[in-house]
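Take a look at the structure set out below.
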Amino acid sequence: MPVFKSVRNLLIKKRLSQINHFVSFPMEVQMDLFHELINTASDTAWGKKYEYSTIESYEIFKDRVPVSTYDEIEPWISKIKNGEQNVLWPEPIKWFAKSSGTTESRSKFIPVSKSTLKNNHFRGGKDVLIFYLQNFPDTNIFNGKGLLMGGSRQLEKSHEHSYFVGDLSAILIDNMPYWAQLLRTPPKSVALMSEWEAKLDQIANISVKQNVTSISGVPSWTLVLFNKILEKTGKNNISEVWPDLEVFIHGGVSFEPYRRQYQHLISKPGMRYMETYNASEGFFGIQDDLNINDLMLMLDYGVFYEFVPMDEIGKKFPRSLTLAEAELKINYALIISTNSGLWRYMIGDTVQITSNNPYRIQITGRTKNFINIVGEELMIDNAEKAFAIACEKTNASIIEYTGGPIYEEDKICHEWLIEFSSKPDDFERFAKEFDEALKALNSDYEAKRYHNLVLKKPVLYSLDKGSFYHWLKKRNKLGGQHKVPRLLNHRKILDDILLHSKLAKENFKN
């Protein structure tokens with residue numbers, strides 16, 4: 001054990017030195033990475049089209065290479081799936097992370113290179129542990145197992161060419177080194193099962209017999225597992241099942257709507273929650289300081305970052321900013337160029353830079369997930385915080401929710417469908433507290449709500465438990481990579497959920 005700790009401490013010291021370097025010289029590290037990416041891809045089909053060999057500066061790059069959505073880059077990805085190589089990136093691409101996001105009906109297939117696996121995703125996983133060990137050197141997480149909620153993967157063929165498609169978590173599990181496999185549960189054969197409900201059952205059966213000290217997963221789906229475990233064991237609290245559990249490493253969706261539920265289900269004093277920003281397209285950020293909710297933007301993961309102002313979204317050549325040019329506390333669409341060959345790719349997330357020493361960010365929403373029918377510009381971040389405030393004041397806990405507009409001749413407002421794990425003491429008060437919190441958080445919303453002149457009071461409905469789960473199941477969207485859309489500027493999702501859900505008796509209308 002002393003030898004293990006000495007080696008561990010040496011590795012931590014070395015990596016922290018590298019992190020301190022990019023904290024001290026952020027733009028130098030990013031620009032060195034930019035030139036490395038450009039030079040590496042200069043002989044690819046994409047690199048030849050845009051003449052990467054003659055790109056000597058970021059200014060030339062942003063003037064020559066358009067910002068791309070998935071639909072625009074998909075024909076290039078299809079070529080790789082059909083067996084062509086050296087298309088977007090010179091390394092052979094054998095893995096594709098399958099992502100459906102929140103609003104798209106069809107799946108996306110994100111190329112994953114060996115460089116991305118090694119220098120992005122796995123480096124991110126190691127850095128999560130390094131930050132955790134730095135903050136909590138007396139941790140006991142290595143005295144038990146780490147429970148990882150994984151997806152599934154399958155082998156597919158196209159024109160005699162074989163490639164693997166799977167959830168990002170499944171790709172990571174399948175490529176983990178042997179030593180890492182020993183530290184986690186469940187075994188790979190269970191973690192990669194494709195039938196989600198059967199897998200949850202197996203994970204519950206196996207994990208309750210083990211000493212789980214850490215959990216990694218999406219908050220919403222991990223709650224489903226917790227409820228199944230409590231049902232199987234007859235326990236009232238997860239701390240009774242795993243008394244040594246000390247940290248939940250989460251990502252994928254905001255943790256705020258779920259925080260109260262986790263605090264209720266895990267009663268152990270000092271339980272810790274650590275957020276990561278790990279998407280199918282790459283690993284981007286880590287909550288290095290658990291006392292603040294911001295995420296350190298990791299600058300040496302093979303990702304070059306750009307930031308596009310919200311009013312520039314949709315343009316082929318928008319006004320784009322480097323890390324040094326972007327302002328604090330402004331919503332930007334995040335644009336990435338990666339060591340898997342995603343070039344000026346609009347990932348779909350919006351972020352705010354909250355600090356520049358070190359660079360830290362908050363995820364504020366999605367470029368397609370917002371409500372803006374009268375200029376209120378309501379983002380996911382506003383809704384998450386407002387729901388947390390309303391829950392706190394009315395002793396409520398939320399499982400899932402979604403929101404959208406109501407367009408009627410005499411009523412223009414927002415409508416919210418909410419599934420509670422613990423219903424509020426007073427539903428009408430909950431709705432009013434939510435509305436007031438939104439006004440306090442968003443001045444545009446407050447202005448439009450003034451005396452109900454433009455935007456009427458929101459309409460809130462309480463749905464029966466299981467409504468969102470059954471809606472996802474009906475659409476064959478069970479699993480950690482599938483998310484309920486939080487905000488949309490149309491009623492398609494709202495109406496579909498309402499059509500297949502029962503409203504609880506409590507509701508609050510105009």
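The values are calculated or read from the model by the stated rules, or taken from the named source; none is laboratory data. Just so it is clear, the structure is predicted and the values come from calculations on it, not from any experiment. Please note: Cβ atoms are built from the backbone with ideal geometry, for glycine as well, and neighbour counts cover all protein chains shown.
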Next item on the list: Scan segment 115-146 for residues that are touching an Asp or Glu at 6+ places or on another chain (Cβ under 7 Å) and closer than 23 Å to V303 by Cα and jot them down.
Entry: S115, F131
Item checked: Pick from segment 107-144, criterion outside any helix (DSSP H, G or I) and closer than 21 Å to N278 by Cα, ranking: farthest from the chain's Cα centre (by Cα) -> S113
Next item on the list: Give segment 334-361 a look and list any residue that's in a strand (DSSP E or B), charged (D, E, K, R) and in contact with an Asp or Glu (Cβ under 8 Å, 6 or more places away or on another chain), or say none.
Entry: R360
Next item on the list: Check D425 against each of (1) within 26 Å of H500 (Cα to Cα); (2) modelled with pLDDT of 90 or more; (3) out of contact with any Pro (no Cβ under 6 Å at 6 or more places or on another chain) and name the one condition it does not meet.
Entry: (1)
Note to self: Can you say whether S105 is at pLDDT 90 or above and either of a type in the set (K, R) or more than 30 Å from L245 (Cβ to Cβ) (or both), as far as the supplied structure shows?
What the structure shows: no
Item checked: Residues (touching a Lys or Arg at 6+ places or on another chain (Cβ under 7 Å) and over 22 Å from I171 (Cβ atoms)) located in segment 250-294 -> E256, L290, D294
Check: Is it the case that segment 21-41 has a residue that's surrounded by 13 or more Cβ atoms within 10 Å (Cβ to Cβ), under 14 Å from W89 (Cβ atoms), in contact with a Pro (Cβ under 9 Å, 6 or more places away or on another chain) and at pLDDT 95 or above?
Finding: yes
Next item on the list: Can you run down the residue pairs with Cβ atoms below 8 Å, 6 or more apart or on separate chains, where the first is in segment 69-93 and farther than 14 Å from G47 by Cβ and in contact (Cβ under 8 Å) with a residue 40 or more places away in the chain and the partner is among the hydroxyl-bearing types (S, T, Y) and surrounded by fewer than 17 Cβ atoms within 10 Å (Cβ to Cβ)?
Entry: K81/S158; N82/S158; G83/S158
Next item on the list: Among the residues of segment 379-415, write down those that are more than 19 Å from L494 (Cα to Cα), modelled with pLDDT of 90 or more and touching a strand residue (DSSP E or B) at 6+ places or on another chain (Cβ under 8 Å).
Entry: C391, N395, A396, S397
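This table checks each residue for (1) hydroxyl-bearing (S, T, Y); (2) surrounded by fewer than 20 Cβ atoms within 10 Å (Cβ to Cβ); (3) closer than 18 Å to G125 by Cβ.
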position	(1), (2), (3)
F164	no, yes, no
A170	no, no, yes
W179	no, yes, yes
P186	no, no, yes
L192	no, no, yes
L223	no, yes, no
Margin query: Quick check on my filter: what residues within segment 302-333 are closer than 17 Å to M27 by Cβ and either charged (D, E, K, R) or not in a loop (DSSP other than H, G, I, E, B) (or both)?
Written below: V303, F304, Y305, E306, F307, L321, E325, E327, L328, Y332
